[in-house]
1. Quick one: if the Förster radius is 30 Å, what FRET efficiency do Gln87 and Asp30 give, using the C-beta to C-beta distance and rounding to 0.05?
2. Report the extension gain between Glu57 and Gln20 in nm, rounded to one decimal, defined as 0.36 nm multiplied by the number of residues separating them, less their alpha carbon distance.
3. Are there GluC sites (Glu not before Pro) in segment 41-82 that DSSP puts in a loop and that have at most 12 other Cβ atoms within 10 Å, and which ones?
4. Any idea which of Gln95, Thr17, Leu83 is furthest toward the positive side of the dipole for the chain, if Lys and Arg beta-carbons carry +1 and Asp and Glu beta-carbons -1?
5. Let me know the shape class of segment 53-106, please: from the alpha-carbon gyration tensor, a ≥ b ≥ c as square roots of the eigenvalues, rounded when a/c is under 1.5, otherwise prolate if a/b is greater than b/c, or oblate.
6. If you place +1 on the Cβ of every Lys and Arg, -1 on the Cβ of every Asp and Glu, and leave all else neutral, what size is the dipole of the chain about its Cα centre, to the nearest 20 Debye?
7. Report, in deg cm²/dmol and to the nearest 500, the calculated mean residue ellipticity at 222 nm for the chain, where each DSSP H run with n ≥ 4 adds -39500 (n - 2.57) and the sum is divided by the residue count.
8. With a/c under 1.5 counting as rounded, go ahead and sort the chain into rounded, prolate or oblate using the C-alpha gyration tensor (a ≥ b ≥ c being the square roots of the eigenvalues; past the cut-off, prolate if a/b is larger than b/c, else oblate).
Amino acid sequence: MQLRILLIESDAAMLDTLQQALAGRGYEVDVVPDGLIGLAELERNATPPDLILLRVEIPRMSGYTVCNKIKRREKLRGIPLILFSSQATPETFAQHKRLRTRADGYLSVPIDDGELLSLVDDLTRGKALSGSF
């Protein structure tokens, strides 16, 4: 079973880099350009993605706000979510990790492909075999 990732990113160069790395590992990647569209896609789609990869710096609503909204919704909170940022400091991520609505993983841009794929694999382990959370 091919695992599906929802990528919420608006930067074309980063989008291309992430899509290549994930597709190269065999993941199906659905892309949306901002948090509002991402939230609408999550609510509309009957089959949730296996993982959400969310940029902090996106238009119309910050990735932190989107993460908070996802982790507060019962039907969405179980989806593993990775936040990534070009501006967040380790201290900013450390503060966010203390929240109840925290992400499951954090990455700083530039993203190392090996680190990304290792984290994605860890958070989706078992899903390819079981097809469920």
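Only the coordinates and a few stated rules stand behind these numbers; no lab work does. Everything quoted here is computed from the prediction, not taken from an experiment. All Cβ positions, glycine included, derive from the backbone under ideal geometry; neighbour counts span all protein chains shown.
1. Working: r = 25 Å, r/R0 = 0.83.
Once the sixth-power term is evaluated, E becomes 0.75.
2. Numbers: separation 37, 0.36 × 37 = 13.32 nm, distance 2.05 nm.
Stretched fully, the Glu57-Gln20 segment lengthens by 11.3 nm.
3. Details: sites: Glu41, Glu43, Glu57, Glu74; in loops: Glu57, Glu74.
Hits after loop and neighbour filter: Glu74.
4. The one lying farthest along the dipole's positive direction is Gln95.
5. Numbers: a/c = 1.89, a/b = 1.32, b/c = 1.43.
Verdict is oblate for segment 53-106.
6. On the way: 17 positive and 18 negative charges, 165 e Å.
Computed charge dipole of the chain: roughly 800 debye.
7. Computed ellipticity for the chain at 222 nm equals -12500 deg cm²/dmol.
8. Numbers: a/c = 1.29, a/b = 1.12, b/c = 1.16.
It is rounded, given that a/c, with a ≥ b ≥ c, falls under 1.5.
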